[in-house]
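Notes follow once the structure below has been shown.
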Amino acid sequence: LQHPHVVKYFDFTQDRSHYYIVLEVVAGGELFDRIVQRVYYSEKEARDLVWVLLDVLHHIHGKRIAHRDLKPENLLLKSAHNDHDVKLADFGFATEAKKPMRELCGTPAYVAPEIIKEKPYGLEVDMWSCGVIVFILLGGYPPFIESNQRELFRKIRRGDYEFHDEYWGTVSDDAKDLIGALLTVNPDERLDAREALQSSWIREDDENLAGNDLGTNLAELRKFNAKRKFKAAVKSVVAINKLQSLGLDFRKNLS
């Protein structure tokens, strides 16, 4: 893949025990971490970021590659000094979509209904995940929220979400139309990346969107991001404890 907003691959090598992949240095951290530090956040800024994501998807889908794990954690910034040099990373679940795929993969809150239903699927799963990200960028919270994973999947299968007036009352109708066209349960009716790039919201005049302040939603996005980081930290601690426990058991067996 050769795209300015995809983490660049340079080389690959291996020795007897390891594989090594040499990638571009991306030192700016996660995109969402940078957004929540802003004092002012407008609909234009959200739209510009969505354009980047759609442009990347148009590129990789044109090569019949499905990412299959689009989420905020995989949207990184090249440097600490540029808020728009976004890089899509982590192609661990990516695959060539030369035929319908069947593997169960992805992150629960961002996974498409057809994967949950265990149906054969295609590139459209990335467009669903993109719709979830667009919803979060504009509303400040995910479209599907449930602490119970079974209930979460039930909502995703039905496409059961809503635009709450408190956060969406000032967001343009064209933005909500794009989200609705991405969060469409039937993958055959879901927009592809090329169609999404031609949508009215993506092509909207900069000045019209720049004056639309998303300050209330930015506050909600800060809460969402804090919860997301906390959950990641908890998972890391659990993983470390498991590794330490395994190491202790291993040493006991040795002795």
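The values are calculated or read from the model by the stated rules, or taken from the named source; none is laboratory data. Note that the structure is a prediction, hence the values are computed from the model and not measured. Every residue, glycine as well, gets a Cβ built from its backbone with ideal geometry; the counts of neighbours run over all protein chains shown. Side chains are part of the model used for accessible areas, which takes the heavy atoms of the whole protein and leaves out ligands, DNA and RNA. Shrake-Rupley method; radii C 1.70, N 1.55, O 1.52, S 1.80 Å.
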Within the range 148-163, considering residues that are exposed (fewer than 15 other Cβ atoms within 10 Å of the Cβ) and free of Cβ contacts under 8 Å to residues at least 24 places away in the same chain, the one nearest to Ala219 (Cα to Cα): Glu162
Residue match in the range 49-65 (condition: within 29 Å of Trp168 (Cβ to Cβ), modelled with pLDDT under 90 and buried (at least 19 other Cβ atoms within 10 Å of the Cβ)): no
Hits in the range 74-108 (condition: outside any loop (DSSP other than H, G, I, E, B) and out of contact with any helix residue (DSSP H, G or I) (no Cβ under 7 Å at 6 or more places or on another chain)): Asn74, Lys87, Thr95, Glu96, Met101
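When the residues of the range 166-192 are narrowed to those that are farther than 19 Å from Tyr41 by Cβ and not in a loop (DSSP other than H, G, I, E, B), which ends up least open to solvent (accessible area, probe 1.4 Å)?
Our first condition is that a residue be farther than 19 Å from Tyr41 by Cβ; within the range 166-192, this holds for 173, 177, 180-192.
Next cut, not in a loop (DSSP other than H, G, I, E, B) only: 173, 177, 180-182, 187-189.
On the way: Asp173: 104, Asp177: 100, Gly180: 28, Ala181: 26, Leu182: 1, Pro187: 37, Asp188: 137, Glu189: 124 Å².
Residue satisfying both the conditions and the ranking: Leu182.
Taking the options Glu151, Glu195, Glu146, name whichever one is closer than 24 Å to Asn74 by Cβ and either of a type in the set (Lys, Arg) or assigned to a helix (DSSP H, G or I) (or both).
Of Glu151, Glu195, Glu146, the one residue that is closer than 24 Å to Asn74 by Cβ and either of a type in the set (Lys, Arg) or assigned to a helix (DSSP H, G or I) (or both) is Glu195.
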Hits in the range 131-142 - residues which are at pLDDT 95 or above and either in a loop (DSSP other than H, G, I, E, B) or under 15 Å from Ile65 (Cα atoms) (or both): none
The range 18-33 residues that are over 25 Å from Ala226 (Cα atoms), paired with ones that are of a type outside the set (Val, Ile, Thr) and open to solvent by less than 40 Å² (accessible area, probe 1.4 Å) (beta carbon under 9 Å, 6 or more apart): Leu23/Ala89; Glu24/Lys87
